[in-house]
Amino acid sequence: MKYSALYLYLLLFAPLLISSCDRNGDIVIFSPKEDVALGAQVNQEILNNPDEYPVLSEEEYPEAYKYLRAITEEVLSSEEVQYKDIFAYDSIKIIQNDSILNAFATPGGYIYVYTGLIKYLDSPDHLAGVIGHEIAHADQRHTSKMLQRQMGIQLLLDIALGQNQGAVTQVLQQLGSLKFSRSAETESDAFSVAYLSSTPYACTGAAGFFEKLEEEASGSGVPTFLSTHPNPDNRIENIRQAAEEMACDTTPSGSDILQKLQNSLPN
Ligand SMILES: [Zn+2]
C-alpha cells in the first residue's frame, strides 16, 4: 500500500518530468556506476580544498559522525532507496560552516551537511527529512541529469574517468548553484516522505525544516537552502499531502539524537 500510494502520488507530478525529458532528450546516458565515479572525483576535489570546504575530521569528531550516520542509516533502511548498495551514501560528511543552512549531494550519493543546518534544526525528524531529500536527488539521478544538460555527456565521462581534472572544479561550482526543477523538488520531497515512513521519524520531517525556514525567511535574507532548492508554493502542503496518501506516521519521534549530534559539534 505504501508503494502504490507513492507511485500514485508521483503519477500526479511525474508527467511534467517525463514530458520534459522527452522534449529535451533529457535522459541520463550515464550508468549509476559512472555517477559514483563522477561523485568520487567531486568528493576528492572537496577534500582537496579544506579552505572552501572545511570537512569535519571524523577522527576528531567521532561522536558527531556516529549520530549523523545513525540517522542516515535509518533513512537508508527504506526499500525505496534504489542505489544504496552502489552509491556512497554511507560516506556522508559534515562541513564546518555555521553560517550555511544547506546540504547537498553529488551524483553517486556523496552527501554533505553543513554544521549551520545541523545547529539550526530543532528535531532529528527534520534532519532525517532533509537527508532523505538529498538522497532522493542522487537516487533519482536529478543531479546527473542537470549536469549532463549543462556540461554535456562527453565532458562528464572524461571527468568520471579522471581524464579532466581541471573540469572537476566546474562540476563543483555547478553543484553549488544548481537549481532543480519544481518537479524534481516535488519528487525528492515525496521520496523523503516515503523513506522516512519506515523510520522512527515523522515522515513529514522535511516539511518541518521548510516551516521553520519560512517563519524566519522574512528576517535575515533568503537562506542558502532556499536559493539552491527553490521553494515552490504549496511545498509544505505537498509533503503533508504525500504523507496522507501514504498513510505514514507523522508523530514526532521525540528522539534526542539531534541534540546529541549538536552537542558533539565544535562550537
Ligand atoms: Zn532539493
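The values are calculated or read from the model by the stated rules, or taken from the named source; none is laboratory data. The shown structure was predicted, so the numbers you read here are calculated from the model rather than taken from an experiment. In this analysis, Cβ positions are derived from the backbone assuming ideal geometry, glycine residues included, and neighbour counts consider all displayed protein chains. Heads up: the accessible areas ignore ligands, DNA and RNA and are worked out on the full protein's heavy atoms, side chains in. Shrake-Rupley method; radii C 1.70, N 1.55, O 1.52, S 1.80 Å.
Just one of E79, E59, E63 is open to solvent by 60 Å² or more (accessible area, probe 1.4 Å), at pLDDT 95 or above and within 19 Å of S197 (Cα to Cα); which is it? Before the answer, list the steps.
Working: E59 fails: within 19 Å of S197 (Cα to Cα); E63 fails: within 19 Å of S197 (Cα to Cα).
Just a single option satisfies the conditions, and that option is E79.
When A136 is evaluated against the numbered criteria (1) within 16 Å of the ligand (Cβ to nearest atom); (2) assigned to a loop (DSSP other than H, G, I, E, B), which criterion, by number, is the only one it fails?
(2)
For K84, indicate whether it is open to solvent by 10 Å² or more (accessible area, probe 1.4 Å), under 30 Å from N267 (Cα atoms) and modelled with pLDDT of 95 or more.
No; evaluated as a whole, the condition is false for this residue.
Conditions tested, residue by residue: (1) within 22 Å of F30 (Cα to Cα); (2) among the hydrophobic types (A, V, I, L, M, F, W, C); (3) touching a strand residue (DSSP E or B) at 6+ places or on another chain (Cβ under 9 Å).
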residue: K93; (1), (2), (3): no, no, yes
residue: D98; (1), (2), (3): no, no, yes
residue: A103; (1), (2), (3): no, yes, yes
residue: A128; (1), (2), (3): no, yes, no
residue: E134; (1), (2), (3): yes, no, yes
residue: Q148; (1), (2), (3): yes, no, no
residue: Q154; (1), (2), (3): yes, no, no
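Starting from segment 126-150, take each residue that is at positive phi and list its partners that are assigned to a helix (DSSP H, G or I) and open to solvent by 10 Å² or more (accessible area, probe 1.4 Å), counting only C-beta distances under 8 angstrom and pairs at least six apart or across chains.
Partner pairs satisfying both residue conditions: R141/P32.
Would you mind stating whether V193 is within 14 Å of the ligand (Cβ to nearest atom), at pLDDT 90 or above and either in contact with a Gly (Cβ under 8 Å, 6 or more places away or on another chain) or open to solvent by less than 30 Å² (accessible area, probe 1.4 Å) (or both)?
For V193, the condition - within 14 Å of the ligand (Cβ to nearest atom), at pLDDT 90 or above and either in contact with a Gly (Cβ under 8 Å, 6 or more places away or on another chain) or open to solvent by less than 30 Å² (accessible area, probe 1.4 Å) (or both) - is met.
Might you check whether a residue that is within 13 Å of the ligand (Cβ to nearest atom) and over 13 Å from the mean Cα position of the chain (by Cα) occurs anywhere in segment 163-176?
Residues of segment 163-176 that are within 13 Å of the ligand (Cβ to nearest atom), as a first pass: 175.
Within this subset, residues satisfying the condition of being over 13 Å from the mean Cα position of the chain (by Cα) are none.
Checking segment 163-176: not a single residue is within 13 Å of the ligand (Cβ to nearest atom) and over 13 Å from the mean Cα position of the chain (by Cα).
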